[in-house]
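Have a look at the structure below, then the notes.
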Amino acid sequence: MLLIQLAKLSLLLESGGGGLAYKLTRILKPQKLLYLKNYPTKNYIYPSLYLLTSKILSKLPFCSKLARLVKTHKDDLDTALEQDMRRDKIISICEHENIDVLIDSYWESLLKKTQKKLFTIKCIHGHFELLYHSNMKNYDTLVLLTYHEYEQWNKHLKYIKVIPNFAKDPKTISTYESKNLIFVGRLTQQKGILRLLEAFSKTKQGFHLTLVGDGEQKEELQNFITQNSLNASITGYTQNTGYYYKNSSIFVMTSFFEGLPMVLLEALSYGLPIIAYDVPTGPRDCIEDSKNGFLIKNGDEASLIKAIDKLSSYIALRRAFGARSKEIFLERFEESKILKLWLELLGA
């Protein structure tokens with residue numbers, strides 16, 4: 001029986017890790033799953049470790065029984081704040097629980113040496129300059145989210161697979177008739193939302209800009225909207241993002257850097273035209289410039305404004321771009337295709 005450990009489940013299931021864990025375990029039906037949530041700061045350590053048996057896989061990762069199961073190793077990991085201590089604890093737990101496969105997507109590289117009895121996979125959720133570490137050579141396989149930097153990683157590491165994030169097909173698309181431009185994500189500096197608002201303030205503003213999300217910049221962004229009398233609003237956090245995708249006509253992203261954000265895949269799945277800055281990494285894998293959206297040179301505000309105004313003005317163009325977005329989603333990011341790649345890697 002294949003036993004799997006999966007890392008990095010966000011508290012609000014914002015990343016692809018939660019969905020991946022759920023889908024893989026439902027397909028493989030492992031006897032035991034160790035799901036590690038491992039963050040660098042003390043405030044984000046709990047809950048550290050989930051031990052799940054096949055009896056509760058159908059409820060993963062939302063099962064109330066987790067509160068009891070986590071106690072087995074939780075205390076050991078919560079007190080191991082230093083990276084070396086945490087690594088040793090995790091390896092010890094893998095040995096104790098007879099784990100066969102370790103899938104590590106923590107932002108630091110866990111392993112300082114190769115593991116003879118453990119098949120180890122390192123998942124990369126960012127670009128080379130940000131995340132490369134010599135410890136990565138100690139993993140059996142490196143999994144990248146995008147092809148954008150494959151050649152650069154391949155110069156330093158031998159065993160590399162490109163397995164993107166995935167999303168479920170909602171079986172519906174936008175009508176492209178609503179005059180709504182949408183951004184979905186955390187309201188943080190990394191997402192570059194202030195520069196989006198600055199650019200939006202210079203457009204014709206025939207559309208309304210909806211920011212779907214919450215975060216540390218919410219008050220600052222709301223003040224900017226109010227002070228500049230923008231035709232824009234902030235919804236706050238919601239689990240029903242599908243409603244906003246379906247009722248919007250354009251998706252826009254102005255992040256400073258990304259991995260392969262789920263929101264881009266979700267926008268594609270709803271057939272939305274996408275406008276984004278060409279940053280590492282993600283937008284280039286989702287946007288065919290002038291075919292399903294506009295890929296803008298990072299920081300080129302004038303081109304961003306032009307792209308927003310152009311798509312806002314022509315519904316026929318939105319429909320054509322949206323049709324290609326849906327095709328790209330089904331070709332590259334639909335869940336069954338991506339799960340097949342994981343199953344091949346795991347030998348299932």
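The values are calculated or read from the model by the stated rules, or taken from the named source; none is laboratory data. Bear in mind that the values here come from a model prediction, so they are computed numbers and not experimental data. Ideal geometry is used to build each Cβ from the backbone, glycine not excepted, and the neighbour counts take in all protein chains shown.
Taking into account only those residues within the range 118-140 that are buried (at least 16 other Cβ atoms within 10 Å of the Cβ) and polar (S, T, N, Q), which is farthest from Ile163 (Cα to Cα)?
For the range 118-140, the residue satisfying everything is Asn138.
Identify the residue in the range 197-231 that is touching a residue at least 60 places away in the same chain (Cβ under 8 Å) and either in contact with a Pro (Cβ under 6 Å, 6 or more places away or on another chain) or outside any loop (DSSP other than H, G, I, E, B) (or both) and, among all such residues, is nearest to Leu181 (Cα to Cα). Show your work before the answer.
Step one: filter the range 197-231 for residues touching a residue at least 60 places away in the same chain (Cβ under 8 Å), giving 198-200, 202-204, 206-207.
Now restrict to residues that are either in contact with a Pro (Cβ under 6 Å, 6 or more places away or on another chain) or outside any loop (DSSP other than H, G, I, E, B) (or both): 198-200.
Values: Glu198: 15, Ala199: 13, Phe200: 10 Å.
Of everything passing the filter in the range 197-231, Phe200 is nearest to Leu181 (Cα to Cα).
Here's a check for you: in the range 315-348, which residue that is of a type in the set (Phe, Trp, Tyr) and modelled with pLDDT of 90 or more is farthest from the chain's Cα centre (by Cα)?
From the range 315-348, those of a type in the set (Phe, Trp, Tyr) are 321, 329, 333, 342; that's our starting set.
Next, from what is left, pick out any that are modelled with pLDDT of 90 or more: 321, 329, 333.
Details: Phe321: 23, Phe329: 15, Phe333: 12 Å.
Among those that are of a type in the set (Phe, Trp, Tyr) and modelled with pLDDT of 90 or more, it is Phe321.
Any residue that is of a type in the set (Val, Ile, Thr), more than 21 Å from Ser201 (Cα to Cα), at pLDDT 95 or above and outside any loop (DSSP other than H, G, I, E, B) - is there at least one of those in the range 290-313? Step through it out loud before you land on a result.
Filtering the range 290-313 for residues of a type in the set (Val, Ile, Thr) gives 296, 305, 308.
Filter once more, so that each one left must be more than 21 Å from Ser201 (Cα to Cα): none.
So far as the range 290-313 goes, no, none of its residues is of a type in the set (Val, Ile, Thr), more than 21 Å from Ser201 (Cα to Cα), at pLDDT 95 or above and outside any loop (DSSP other than H, G, I, E, B).
Consider Lys310 against the criteria (1) under 30 Å from Ile121 (Cα atoms); (2) free of Cβ contacts under 8 Å to residues at least 24 places away in the same chain: it satisfies all of them except one. Which criterion is unmet?
Every condition holds for Lys310 apart from (1).
Against the condition without any contact (Cβ under 8 Å) to a residue 40 or more places away in the chain and assigned by TED's automatic domain parsing to the domain that holds Thr241, how does Ile287 come out, does it pass?
yes
Given Lys112, Lys191, Lys179, which one is at pLDDT below 90 and of a type in the set (Lys, Arg)? Let's see the steps before the verdict.
Values: Lys191 fails: at pLDDT below 90; Lys179 fails: at pLDDT below 90.
None of the others qualify; the one that does is Lys112.
Tell me the residue from Leu194, Leu264, Leu157 that is of a type outside the set (S, T, N, Q), in a loop (DSSP other than H, G, I, E, B) and without any contact (Cβ under 8 Å) to a residue 60 or more places away in the chain, please.
Details: Leu194 fails: in a loop (DSSP other than H, G, I, E, B); Leu264 fails: in a loop (DSSP other than H, G, I, E, B).
Among Leu194, Leu264, Leu157, only Leu157 is of a type outside the set (S, T, N, Q), in a loop (DSSP other than H, G, I, E, B) and without any contact (Cβ under 8 Å) to a residue 60 or more places away in the chain.
Tell me, which residue of the range 272-289 that is among the hydrophobic types (A, V, I, L, M, F, W, C) and in a loop (DSSP other than H, G, I, E, B) is surrounded by the most Cβ atoms within 10 Å (Cβ to Cβ)? First the steps, then the outcome.
The first filter runs over the range 272-289 and keeps only residues among the hydrophobic types (A, V, I, L, M, F, W, C), leaving 272, 274-276, 279, 286-287.
Of the ones still in play, those that are also in a loop (DSSP other than H, G, I, E, B) are 272, 279, 287.
On the way: Leu272: 30, Val279: 20, Ile287: 26.
For the range 272-289, the residue satisfying everything is Leu272.
Among the residues of the range 260-271, are any more than 17 Å from the chain's Cα centre (by Cα), modelled with pLDDT of 95 or more, surrounded by 24 or more Cβ atoms within 10 Å (Cβ to Cβ) and under 19 Å from Gly192 (Cβ atoms)?
no
Yes/no per residue for (1) at pLDDT 90 or above; (2) of a type outside the set (A, V, I, L, M, F, W, C); (3) in the same structural domain as Ser249 (by TED's automatic domain parsing); (4) within 30 Å of Leu317 (Cβ to Cβ):
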position	(1), (2), (3), (4)
Phe119	no, no, no, no
Cys123	no, no, no, no
Leu131	no, no, no, no
Asn135	no, yes, no, no
Tyr139	no, yes, no, no
Tyr147	no, yes, no, yes
Leu157	no, no, no, no
